[in-house]
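Participant: To start, I am sharing the structure in question, which I have written as structure tokens.
Just so you know, all these numbers are worked out from the coordinates, no wet-lab data involved. As the structure is a computational prediction, the values presented were derived from the model and not from experiment. Positions of Cβ are generated from backbone atoms using ideal geometry, with glycine treated the same way; all protein chains shown enter the neighbour counts.
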Ligand SMILES: [Zn+2]
Ligand SMILES: [Zn+2]
């Protein structure tokens, strides 16, 4: 475990990154577990119609791409039953429970519901939840109190259950961090912790999320030409806080950009992280799979 902690350094030069990867490699090689060389998709929507209908071929593609685990994310209470029964029926697929901040006109969650659904077998996370001020329309940020109240509810449920949050934040990082702090999240033993998924903020926001004890997950966006500011974040996140995801069916990475995404494409995200961190794709597979186990407390 000591080696693991040695790699968790906040700011790293290219040389020290390379040294970390060498350390990591020797660590990974001592582990007699092939699972650590497989990929884990920490965020996907397998029950969305674009993916659900082609599950047999996606499952086949995942096997071929060595993607052996995925977290299937819930975005409405109406869809929870489908997400949960899918997770129950497939080994190494898990579920979350939550209502996405963009979803309006859907069943509003209450604490009791989140606590009871969040306690079911294979439900390992609360979310996706958070704040999204991107589609305000003719509303002001002050009008979005309903979103902030919904987010607070998810944070409270996660803290009571001791399960991590899957956080979606867009054009709202200041309030997202503020609410987490106000609800008591600080990285201590009573904190729920969790992940800022599909990270598109800058290094300063990443630093503050890390300081609160959160992980950072990168999607296919990191492979897009215009995403240099996100690649800068990849370079500064400690290896033991990195996760990868597809957020499929959206955001397919290059070279599949524009197509329907699916979890078998998550190695393209890993490949880009490996290039930035100057280590091998196997290293990224190992470290992100291990981080997934640590954060979501799943057995291998
Ligand atoms: Zn999201
Ligand atoms: Zn999502």
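Participant: Top mean-square fluctuation among 170, 241, 135, Gaussian network model of the chain, C-alpha springs under 10 Å?
Facilitator: Most flexible of the set in this elastic network: 135.
Participant: Could you put 236, 144 in order, starting from the residue whose Cβ has the fewest other Cβ atoms within 10 Å?
Facilitator: Working: 236 15, 144 19.
The most exposed by this proxy come first: 236, 144.
Participant: For region 160-232, what D do you get in µm² per second when you plug the Kirkwood radius from alpha-carbon pairs into Stokes-Einstein at 25 °C and 0.890 mPa s? Please list the in-between numbers first.
Facilitator: Details: Rh = 12.7 Å.
Calculated translational D: 193 µm²/s.
Participant: Pairs of alpha-carbon atoms within less than 8 angstrom and 6+ residues apart define the contacts here; what relative contact order does region 37-273 have, in percent?
Facilitator: Working: 493 pairs, mean separation 46.2, N = 237.
Computed over region 37-273, the figure is 19 percent.
Participant: How high is the FRET efficiency from residue 278 to residue 134, r the C-beta distance, R0 30 Å, rounded to 0.05?
Facilitator: Values: r = 33 Å, r/R0 = 1.11.
E(calc), rounded to 0.05, equals 0.35.
Participant: Calculated from DSSP H runs of 4 or more alone, at -39500 (n - 2.57) each and per residue, what is the 222 nm mean residue ellipticity of the chain, nearest 500?
Facilitator: About -13000 deg cm²/dmol.
Participant: Going by C-beta contacts inside 10 Å, put 163, 181, 225 in order with the fewest on the left.
Facilitator: Going from sparsest to densest Cβ surroundings: 225, 181, 163.
Participant: Fewest first, what order do 254, 106 take by the number of other Cβ atoms within 10 Å?
Facilitator: Numbers: 254 16, 106 13.
Going from least to most buried by this count: 106, 254.
Participant: So for region 37-273, what percent of the C-alpha to C-alpha distances run longer than 34 Å? Could the numbers behind the result be given before it?
Facilitator: On the way: 2597 of 27966 pairs.
When every Cα pair of region 37-273 is considered, 9 percent fall beyond 34 Å.
Participant: Distance between the C-alpha centers of region 51-79 and region 169-202? Whole Å please.
Facilitator: Each part reduced to its Cα centre gives a spacing of 26 Å.
Participant: Calculate I(q)/I(0) for region 68-181 by the Debye formula, one identical point scatterer on each C-alpha and no solvent, and give its log10 at q = 0.11, 0.16, 0.20 Å⁻¹ to two decimals.
Facilitator: Ignoring solvent entirely, the Cα scatterers give -0.34, -0.69, -1.01.
Participant: Calculate the spin-label point distance for residue 293 paired with residue 256, positioning each point 7 Å from the Cα along the beta-carbon direction, and give it in nanometres.
Facilitator: 2.6 nm
Participant: Ok, one more. Compute and list, largest first, the equivalent-ellipsoid semi-axes of region 194-259 from the alpha carbon gyration tensor, each √(5λ) rounded to a whole angstrom. The partial results should precede the final answer.
Facilitator: Details: eigenvalues 89, 31, 15 Å².
So the equivalent ellipsoid measures 21, 13, 9 Å along its semi-axes.
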